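The values are calculated or read from the model by the stated rules, or taken from the named source; none is laboratory data. Everything numeric in this text was worked out from a predicted model, so none of it was measured. FYI the Cβ positions are ideal-geometry reconstructions off the backbone, even for glycines, and counts take in every protein chain you see. Remember, those area values only see protein heavy atoms, side chains included, never the ligands or the DNA or RNA. Shrake-Rupley method; radii C 1.70, N 1.55, O 1.52, S 1.80 Å.
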Amino acid sequence: MLTAEEMQILATSLGVAGRAVLFSLPVAIAFAWALSRPKFPGKWIVDAVAHLPLVLPPVLVGYFLLLLFGVRGPVGSWLRDAFGIQLAFTAEGAALATAVMAFPLMVRAIRLSFEATDRGLFEAAAVLRAGPWDRFWSMALPLAWPGVLAGAVTAFAAGLGEFGAVITFASNVEGQTQTLPLAIYSALQVPNGEETALRLAAISMTAAVTGLVLAELLQHWARRRLEA
Amino acid sequence: MSLKLREAVVRRGAFRLSADFETPTDGVTVVFGPSGAGKSMLLSSIAGLHRLETGRVEFNGRVLEDAGARSRIAAHARGIGLVFQDARLFPHRTVRGNIEYAERRRPAARNAPIVVEIARRLEIEELLDRPVRNLSGGERSRVALARAIVSAPELLLLDEPFAALDGRRRRAFLTLLRELSREQSLPMMIVTHQVDEVAEVADNVVAVTAGRVVGHGAASDVMRRAEFAALLDRRDLGARVDAGAVAGGHGGGGVWIRADSVLLAAEEPRGISARNVWRGTIASIVREIDGAVLVSLATEAGYISARITPEALADLQLDEGATAWAVVKSHAL
């Protein structure tokens with residue numbers, strides 16, 4: 001059904017989006033938890049940082065990443081010298097750019113879930129000798145599970161379609177950083193590329209819709225399990 | 001065992017609770033007062049769920065919180081259990097999962113009640129592997145209680161734990177609490193606003209109204225005082241009598257005899273069906289706002305009040321210091 005080339009592109013996309021979600025999920029959970037807490041000093045800064053990728057042009061995010069993680073950037077040069085890791089223009093870089101762009105989506109879904117949890121249950125856990133960390137792992141996280149799941153799957157689906165930040169930071173290298181939207185863009189640049197572009201578009205649509213349906217189903221299932 | 005609150009003030013929105021008292025907590029202590037008096041808040045503050053604005057809380061000589069010294073032991077480190085009115089079972093765990101949550105966090109040094117044993121005692125054995133969402137109100141109460149007992153706290157606070165139960169089952173649950181308190185050597189502090197329950201179960205009473213603690217001490221003592229009577233509905237006025245002094249009374253504790261259910265006789269009654277007849281001296285005669293008369297009789301079972309009409313009082317020709325008989329049907333107890 002799919003050509004070897006299309007398989008390669010799909011695999012790159014799935015890999016990039018998958019790694020993006022995997023690495024940013026713990027950070028997103030931490031941010032969402034902090035933002036779901038009552039007021040604390042500096043909360044607005046955390047809030048702003050979490051939402052920044054939503055309002056910045058994706059190209060700009062990619063450019064910032066390049067300045068920071070590029071081979072001559074402060075973090076990028078340190079990573080190269082200390083660990084021999086290069087992010088710019090690699091699949092890992094594409095994952096990083098995707099992660100940053102999908103971050104606000106994830107934080108929002110998880111935060112709503114944290115906020116919707118009955119605080120009374122935490123009190124009940126506290127009087128059974130569960131400390132703050134214990135309560136987070138044994139109560140907050142399992143109870144927010146549907147939101148975490150939904151956030152992750154939505155971010156994954158959205159990550160499959162990330163364009164601006166990825167092309168700026170990771171470039172459009174066939175077989176390495178060329179994800180579905182980048183491949184569609186390339187196909188449109190060559191004469192008679194419409195058919196290729198259409199096929200890729202269909203694949204992209206299918207993947208995104210599958211992701212959304214999956215998110216909905218998972219969330220439904222998880223909520224039913226938690227219903228009191 | 002004793003609980004001490006010194007000039008403790010807790011504020012929640014516009015509501016302010018102030019408490020300054022020391023009470024023994026052996027056996028069962030009842031926190032009594034009308035709805036909205038601050039009973040739940042008092043319990044939450046002792047458990048460490050509300051921060052004190054000023055004052056301090058001590059339990060068995062250990063300072064739990066001292067607002068002045070800015071020292072505070074967090075709720076999870078106090079070793080004080082709390083059963084909430086709404087049970088607050090964990091929805092992502094089964095009944096067994098809920099109870100084991102408590103078991104896993106119990107310090108090894110604490111004397112350990114066995115999960116299965118407690119489950120049997122509370123008749124929730126068959127529920128153990130069920131999710132908590134389909135439980136009835138009564139079942140939820142019992143699971144919450146089992147969870148709290150398995151946690152082996154040094155003091156167990158219970159906020160109207162039988163709110164979901166009807167009259168007869170409430171009674172049974174109360175008796176069970178009393179027995180469990182004794183079996184597990186677990187002091188309990190129970191909130192209620194039913195005066196019969198106070199008389200029946202309380203060794204000690206803390207009386208609360210309008211955000212203030214207005215009385216505390218042994219039940220037999222506190223329940224006799226004017227501050228306590230002031231908390232009661234008019235139709236609830238009466239007196240506490242030790243259960244042992246009453247025909248048809250059961251177990252330890254006491255019985256609340258409502259003034260409305262007491263007959264007064266000027267001569268010793270003979271040939272009547274009532275099982276409880278006490279001879280006494282009239283200690284006081286008080287006219288109530290609507291004209292009814294409250295007569296208080298000092299008997300060997302303690303003070304007993306009777307509410308009678310002014311006409312009846314005139315017929316009986318009773319005065320303070322006179323001898324009279326109080327008659328109560330067992331059924332009214």
**Cβ-placed point charges (K, R +1; D, E -1), dipole of the protein assembly as shown about Cα centre in debye, nearest 20** = 680
**Request:** Quote the relative contact order of the stretch B:235-332 in percent (integer), defining contacts as alpha-carbon pairs under 8 Å separated by 6+ residues.
**Result:** 34
**Request:** Would you please put B:187-195, B:308-316, B:172-180 in order of how densely packed they are, using the mean number of other Cβ atoms within 10 angstrom per residue and starting with the highest?
**Result:** B:187-195, B:172-180, B:308-316
**Prompt:** In Å, what is the Rg of the alpha-carbon atoms in the stretch A:1-74, and how long is Dmax?
**Reply:** 17.1, 56
**Complete:** One point scatterer per Cα, no solvent, Debye formula: log10 I(q)/I(0) for the stretch B:235-332 at q = 0.12, 0.14 Å⁻¹ comes out as -0.34, -0.47
**Item:** Sites B:Ser2 and B:Ala274, calculated FRET efficiency, Cβ-Cβ separation with R0 45 Å, nearest 0.05
**Value:** 0.65
**Message:** Can you give me the angle between helix B:137-150 and the longest principal axis of chain B, using Cα atoms only, in degrees from 0 to 90, rounded to the nearest 10?
**Reply:** 60
**Message:** If a paramagnetic tag sat 7 Å from the Cα of B:Ala77 along the Cα-Cβ line, which residues of the stretch A:117-145 would have the backbone N under 12 Å from that point?
**Reply:** A:131-132
**Message:** Checking an interface number: how much accessible area is buried between A and B, summed over both chains, with a 1.4 Å probe, in Å² rounded to 100?
**Reply:** 2100
**Asked** If one takes the longest principal axis of the Cα atoms in chain A, at what angle in degrees, from 0 to 90 and to the nearest 10, does the Cα axis of helix A:194-226 lie?
**Response** 10
**Complete:** Using alpha-carbon coordinates alone, the radius of gyration and Dmax of the protein assembly as shown in Å work out to 34.2, 120
**Message:** Heavy atoms of the protein only, probe of 1.4 Å, neighbouring chains included. What is the accessible area of B:Arg88 in Å², nearest 10?
**Reply:** 50
**Loop sites in the stretch B:91-178: GluC sites (Glu not before Pro), DSSP, at most 14 other Cβ within 10 Å** = B:Glu123
**Message:** Given R₀ = 41 Å, what would the calculated FRET efficiency be for B:Ala108 paired with B:Arg130, taking r from the Cβ atoms and rounding to 0.05?
**Reply:** 0.90
**Fill in**
Expressed in square angstrom to the nearest 10, the accessible area of B:Asp129 with a 1.4 Å probe stands at 110
**Request:** Taking the dipole about the Cα centre of the stretch B:235-332, with the C-beta of Lys and Arg at +1 and of Asp and Glu at -1, give me whichever of B:Gly253, B:Val286, B:Ala324 is farthest to the positive side.
**Result:** B:Gly253
**Request:** Show which lysines lie in cross-link reach of B:Lys4 when reach means a straight Cα distance below 27 angstrom and same-chain residues fewer than eight apart are skipped.
**Result:** B:Lys39
**Request:** Towards the positive end of the charge dipole of the stretch B:2-233, with charges on Cβ (+1 Lys, Arg; -1 Asp, Glu), say which of B:Pro24, B:Pro113, B:Met223 has the farthest Cα.
**Result:** B:Pro113
**Item:** trypsin sites (Lys or Arg not before Pro) within the stretch A:28-79, DSSP loop, no more than 13 other Cβ atoms inside 10 Å
**Value:** A:Lys39, A:Arg72
**Complete:** Expressed in nanometres to one decimal, the distance between label points 7 Å along Cα→Cβ at B:Ala163 and B:Ser185 is 3.3
**Asked** Carbon and sulfur together cover what percent of the accessible area of the stretch B:2-233 at a 1.4 Å probe radius?
**Response** 44
**Item:** Cα centre as origin, Lys/Arg/Asp/Glu Cβ charges: the stretch B:12-147 dipole, Debye
**Value:** 460
**Request:** Report the dimensions of chain B along its three principal axes from the alpha-carbon atoms, largest first, rounded to Å.
**Result:** 68, 49, 32
**Fill in**
Gyration tensor on Cα atoms of chain A, a ≥ b ≥ c root eigenvalues, a/c under 1.5 rounded, else prolate if a/b beats b/c, else oblate, says oblate
**Request:** Quick one: dipole size for the stretch B:235-332, taken about the Cα centre, charges +1 on Lys/Arg Cβ and -1 on Asp/Glu Cβ, in debye to the nearest 20.
**Result:** 380
**Asked** Got a number for carbon plus sulfur as a percent of the stretch B:235-332's accessible area, 1.4 Å probe?
**Response** 48
